[in-house]
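Asker: One structure coming up, written as structure tokens, with questions to follow.
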Amino acid sequence: MLEAIEREPALAERLASDAAASRAAPQIAALLESAAASGWPSAVVGCGTSEHVAMAAAETWNEAWAAAGHRGLAAVPRQALEAALHAWPGTTIGITHEGGSAATIDAMRAAREGGGRVGLITAAANSPAASVAEAVLCTGTPDLSWCHTIAYVTPIVAAALVGAALAGRVMEPSMLRAPLEAGLEARPAAAALAAGLAGSRVIVVAASGADRVAGREIALKIEEASYVPTVFRDLETVLHGHVPSMNVGTSLVVVMTAGPGLERRSARARQLLDAVGRVGVRSGAILAGAAVDAIPAALLPAGRVAVPIPAGLPAPVASLLATAIPLQLTTYELAVALGTNPDALRREQPQYRAAAEAAEG
């Protein structure tokens, strides 16, 4: 897992420079544009980390769609099983790292059988999912750890390339590498935050806007890598009934970056942090850009990871890439602190291996 994280800045730059990806991105963009005639936004589907990337892609493409002067939405993220059960007309874009996720392939097939157009973002160009798609953007590098990290970052970069094609922008490879490099430099802060979370009975993650993608991803990563029960909730949602379940033994992690509505979002975050601190919750945060100054360190006794956001990237892309490596390093360092193996998803233990076989069967 750590080796994969350390490779991500170079992989992002390489993908953005890859000629095949540069040709495929406009093809995926054309599929999104073709959906406008159907009156439906495109559906973006995936499972697990790929479901979170689908959410990231929708955030990225909707910003680019608006920048290009279009009305409405370019894409809406959908859970793959639900999309398979009820396919939308128009376009469906599947995201699956290894190209073998059954629910995602079923959603893509259902869309195609209903007369829709189908695209794919994957690391496996010759996978079963690729056989269903008419346009494939291949990220090229598979994860070797089951606790996926490259599978989160590289398809976000791919989605950024598609967004650039939609908006007619130039996406310089170095621009995509810079926020990931900054994330690597934050490893000591991530280790400190992990130490602050290590005694947690349960962890609650809260975020808003595009940061909800990172919030969902760190909740999944912590459960996969450290086995600590972790839930994601929208920032405003936590304040409406969930605090009574929180007490000593609960930790809260807020994810917040610069972006639309920062003043209001940070004000609500400060209120939440103040509220849960009164019932014994230890809070920490992953912050980027202007959000670093918007959340006082005094409200974050468990620690914080603070990183800059380079100028020049579209707001959703900047937020997603700035938080990607901090959330992954925090997860990794928490696994180290707790003595768990983040790479195996507990499949080295017979009962969990049996559970995985039952689930995948």
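The values are calculated or read from the model by the stated rules, or taken from the named source; none is laboratory data. As the structure is a computational prediction, the values presented were derived from the model and not from experiment. All Cβ positions, glycine included, derive from the backbone under ideal geometry; neighbour counts span all protein chains shown.
Asker: Being among the hydroxyl-bearing types (Ser, Thr, Tyr) and under 19 Å from Arg23 (Cα atoms) narrows it down to one residue among Thr139, Thr104; which is it?
Answerer: Result of the check over Thr139, Thr104: Thr139.
Quick grid of which residues meet (1) touching a residue at least 24 places away in the same chain (Cβ under 8 Å); (2) within 22 Å of Ser127 (Cβ to Cβ):
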residue	(1), (2)
Arg23	no, yes
Ala35	yes, no
Ser38	yes, no
Ala58	no, no
Glu63	yes, no
Pro77	yes, yes
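Asker: What strands (runs of 3 or more DSSP E), lying completely within segment 170-264, carry at least 1 residues that are of a type in the set (Gly, Ala, Ser) and farther than 18 Å from Pro308 by Cα?
Answerer: The strands (runs of 3 or more DSSP E) meeting that bar are 202-207, 250-257.
Asker: Which residue is farthest from Trp65 (Cα to Cα), if the candidates are limited to segment 156-199 and must be crowded, with 24+ Cβ neighbours inside 10 Å and not aliphatic (A, V, I, L, M)?
Answerer: Among those residues, the one meeting the criterion is Gly183.
Asker: Check Leu321 against each of (1) outside any helix (DSSP H, G or I); (2) hydrophobic (A, V, I, L, M, F, W, C); (3) in contact with a helix residue (DSSP H, G or I) (Cβ under 9 Å, 6 or more places away or on another chain) and name the one condition it does not meet.
Answerer: So Leu321 meets the others, but not (1).
Asker: Shifting gears a bit: Considering only residues that are over 15 Å from Ala57 (Cβ atoms) and part of a helix (DSSP H, G or I), which ones fall in segment 74-90? Spell out the reasoning first.
Answerer: Filtering segment 74-90 down to residues over 15 Å from Ala57 (Cβ atoms) leaves 81-82, 84-90.
Correct list: Leu81, Glu82, Ala84, Leu85.
Asker: Would it be correct to say that Leu252 is more than 16 Å from Pro326 (Cβ to Cβ) and either of a type outside the set (D, E, K, R) or surrounded by fewer than 24 Cβ atoms within 10 Å (Cβ to Cβ) (or both)?
Answerer: Numbers: more than 16 Å from Pro326 (Cβ to Cβ): yes; either of a type outside the set (D, E, K, R) or surrounded by fewer than 24 Cβ atoms within 10 Å (Cβ to Cβ) (or both): yes.
Yes: the conditions hold for Leu252.
Asker: Can you tell me which residue in segment 115-134 is nearest to Asp343 (Cα to Cα), limited to those that are surrounded by fewer than 24 Cβ atoms within 10 Å (Cβ to Cβ) and in contact with a Pro (Cβ under 9 Å, 6 or more places away or on another chain)?
Answerer: Looking at residues that are surrounded by fewer than 24 Cβ atoms within 10 Å (Cβ to Cβ) and in contact with a Pro (Cβ under 9 Å, 6 or more places away or on another chain), I get Ala123.
Asker: For segment 223-252, what are the residues that are under 30 Å from Asn341 (Cβ atoms), without any contact (Cβ under 8 Å) to a residue 60 or more places away in the chain and under 18 Å from the mean Cα position of the chain (by Cα)?
Answerer: Glu223, Thr230, Val231, Phe232, Arg233
Asker: What single numbered condition from (1) free of Cβ contacts under 8 Å to residues at least 12 places away in the same chain; (2) crowded, with 21+ Cβ neighbours inside 10 Å fails to hold for Ser42?
Answerer: Condition (1) is where Ser42 drops out.
Asker: Further question on the same structure: Picking from Pro301, Pro342, Pro310, Pro326, which residue would you name as being closer than 20 Å to Ser283 by Cα and in a loop (DSSP other than H, G, I, E, B)? I'd like the intermediate steps shown before the answer.
Answerer: Values: Pro342 fails: closer than 20 Å to Ser283 by Cα; Pro310 fails: closer than 20 Å to Ser283 by Cα; Pro326 fails: in a loop (DSSP other than H, G, I, E, B).
Unique residue meeting the criteria: Pro301.
Asker: So if I check each of Ala182, Ala165, Ala198, which one is closer than 28 Å to Gly339 by Cβ and touching a residue at least 12 places away in the same chain (Cβ under 8 Å)? If you could, list the steps in order and put the result at the bottom.
Answerer: Details: Ala182 fails: closer than 28 Å to Gly339 by Cβ; Ala165 fails: closer than 28 Å to Gly339 by Cβ.
None of the others qualify; the one that does is Ala198.
Asker: Only one of Gly280, Gly259 is surrounded by fewer than 20 Cβ atoms within 10 Å (Cβ to Cβ), in contact (Cβ under 8 Å) with a residue 24 or more places away in the chain and closer than 24 Å to Ile222 by Cβ. Can you tell me which?
Answerer: Answer to the selection: Gly280.
Asker: While we're on this one: Tell me which residues, restricted to segment 242-296, are of a type in the set (Val, Ile, Thr) and either at positive phi or in contact with a His (Cβ under 9 Å, 6 or more places away or on another chain) (or both).
Answerer: Scanning segment 242-296 gives no hits.
Asker: Just give me the residues in segment 277-290 being among the β-branched types (Val, Ile, Thr) and under 26 Å from the mean Cα position of the chain (by Cα), in sequence order.
Answerer: Val281, Ile286 - these are the residues of segment 277-290 that are among the β-branched types (Val, Ile, Thr) and under 26 Å from the mean Cα position of the chain (by Cα).
Quick grid of which residues meet (1) at pLDDT 95 or above; (2) over 20 Å from Gly48 (Cα atoms):
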{"residue": "Pro296", "(1), (2)": "yes, yes"}
{"residue": "Val307", "(1), (2)": "yes, yes"}
{"residue": "Pro310", "(1), (2)": "no, yes"}
{"residue": "Leu327", "(1), (2)": "yes, no"}
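Asker: Please tell me if Leu239 is closer than 28 Å to Gln79 by Cβ, surrounded by fewer than 22 Cβ atoms within 10 Å (Cβ to Cβ) and among the aliphatic types (A, V, I, L, M).
Answerer: Criteria met by Leu239.
Asker: Also, I was wondering about something else. Go through segment 31-71 and give me each residue that's touching a helix residue (DSSP H, G or I) at 6+ places or on another chain (Cβ under 8 Å) and among the aromatic types (Phe, Trp, Tyr).
Answerer: If the condition is that a residue be touching a helix residue (DSSP H, G or I) at 6+ places or on another chain (Cβ under 8 Å) and among the aromatic types (Phe, Trp, Tyr), then Trp61, Trp65 are the ones that fit.
Asker: What number of residues within segment 91-114 are part of a helix (DSSP H, G or I) and either among the basic types (Lys, Arg) or surrounded by fewer than 18 Cβ atoms within 10 Å (Cβ to Cβ) (or both)?
Answerer: Count: 4.
Asker: Right, something else. If I ask for residues that are over 17 Å from the mean Cα position of the chain (by Cα) and under 21 Å from Ile150 (Cβ atoms), which ones from segment 85-102 would you list?
Answerer: We begin by selecting, within segment 85-102, every residue over 17 Å from the mean Cα position of the chain (by Cα); these are 85-92, 99-102.
Within segment 85-102, Gly99, Gly100, Ser101 meet the criteria.
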